[in-house]
Amino acid sequence: MDYNINFPNLHINFDHVGKNITIGGFSIAYYGIVIALGFFAGIAIACWKAKKTDQNPDNYFDLALIAIITSLIGARLYYVIFRWDYYKEDLLRIFKIREGGLAIYGGIIAAVITVFVFTRVKKLHFGQFCDTAVLGLILGQIIGRWGNFFNREAFGGYTNNLFAMQLPISAVRASEVTQEQWDHLVVIDGVSYIQAHPTFLYESLWNLAVLILLLVFFKKKKFHGEVFFWYLGGYGLGRFWIESLRTDQLLLPVIGYPVSQALAALLVLVSIGWIIVARCKIRKKEPQMEKLYENTEGIEKRD
């Protein structure tokens with residue numbers, strides 16, 4: 001297999017991008033290393049924000065130890081369910097996570113369920129916990145997406161834009177190569193390359209922008225859980241666009257529509273609707289609270 005990855009229009013060439021590193025005779029996939037880095041970075045930012053908002057950082061560390069397991073299981077199950085035709089012939093493939101095949105939406109769903117159970121058991125505020133934990137989640141996504149870079153997966157269709165990425169045809173799954181990419185094969189030093197949208201890069205940069213906005217907005221939130229809903233809306237909006245570019249989409253049965261695009265659109269609508277309704281309720285309560293305060297102040301003056 002050829003190991004080069006090129007970004008021709010940026011004049012950036014990586015001559016040897018391996019998929020794993022060998023330590024003491026044991027092979028460790030870069031994909032797993034990147035996911036682990038994202039996990040630890042996520043814990044760090046969540047604990048930092050917890051301390052800044054007078055919460056107990058230990059709660060977030062305890063949650064992370066549980067969520068890393070449940071999220072990986074959820075991400076894998078989600079992927080396997082929508083690629084069942086591929087896995088049903090050899091069930092052992094389901095356990096070969098190092099080959100890739102994790103769907104972030106499955107991980108998010110599992111993480112939210114984990115947070116709900118955790119906060120109920122610990123008697124903590126679910127919405128406040130989600131607001132803080134989601135900072136760790138999105139930072140983990142920013143870093144974790146680079147695992148796709150090492151695995152040569154989650155790329156888009158043909159493009160010749162500024163960020164166009166060239167991958168050796170021998171390093172990718174033939175089923176994920178479009179006819180347009182076959183028609184535009186590039187041969188360099190005897191090696192055939194496809195040219196594609198680096199959708200992992202788009203999503204990583206989009207998530208970075210969302211994280212910055214969430215950090216800026218955190219102090220301006222009107223209710224616990226609002227930051228989490230802004231994350232769902234912001235991430236969903238970017239994912240809806242990025243998913244439309246990818247060649248390895250998971251499809252809904254019967255209708256054949258990309259499941260991640262459908263879910264992304266739903267999340268955007270639900271999150272925006274929830275925020276609008278919640279803020280309207282708060283706005284209606286504010287005059288009542290001001291009137292109550294004025295009445296209380298008047299009684300105190302008469303006394």
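Each value in this text was obtained by applying a stated rule to the coordinates, not by laboratory testing. All values reported here derive from a predicted model rather than from experimental measurement. So basically every Cβ, Gly included, is an ideal-geometry build from the backbone, and we count neighbours across all protein chains shown.
Taking a threshold of 32 Å on the Cα-Cα distance, which of the pairs Lys96/Lys220; Lys123/Lys281; Lys51/Lys96; Lys49/Lys285; Lys19/Lys49; Lys96/Lys221 fall above it?
Those over the limit are Lys96/Lys220; Lys51/Lys96; Lys19/Lys49; Lys96/Lys221.
Once the Cβ-Cβ distance between Ala41 and Lys123 is put in as r, and R0 is 45 Å, what FRET efficiency do you end up with, to the nearest 0.05?
For Ala41 and Lys123, the calculated efficiency is 0.95.
Give the calculated FRET efficiency between His11 and Leu251 to the nearest 0.05, with a Förster radius of 35 Å applied to their Cβ-Cβ distance.
0.45
How far is it, in nm, from the label point at Lys281 to the one at Trp48 when both lie 7 Å from their Cα along the line to the Cβ?
Result for the modelled spin labels: 3.3 nm.
Per 0.36 nm of contour for each residue apart, how much would the distance between Ser192 and Leu208 grow if the chain were fully extended, relative to their Cα-Cα spacing?
Using 0.36 nm per residue and subtracting the Cα-Cα distance, I get 2.5 nm.
For the residues Asp248, Asp85, what sequence is obtained by ranking on other C-beta atoms within 10 Å, fewest first?
Ordered by Cβ neighbours within 10 Å, fewest first: Asp85, Asp248.
Could you pull the Rg and Dmax for the stretch 124-283, using just the Cα atoms, both in Å?
18.8, 66
If a/c stays under 1.5 just call it rounded; otherwise compare a/b with b/c (prolate if a/b is bigger, oblate if not). Do that for the chain, with a ≥ b ≥ c from the square roots of the Cα gyration tensor eigenvalues.
Prolate, since a/c reaches 1.5 and a/b exceeds b/c.
Name the long-range amide H neighbours of Tyr193: under 5 Å, sequence gap of 5 or more, or other chain; modelled H, no Pro or chain starts.
Ile169, Val186, Val187, Ile188
Taking 7 Å along the Cα-to-C-beta vector as the label spot, tell me the Leu266-Phe95 distance in nanometres, rounded to one decimal.
Each label point is offset 7 Å from its Cα along the Cβ direction, giving 3.1 nm.
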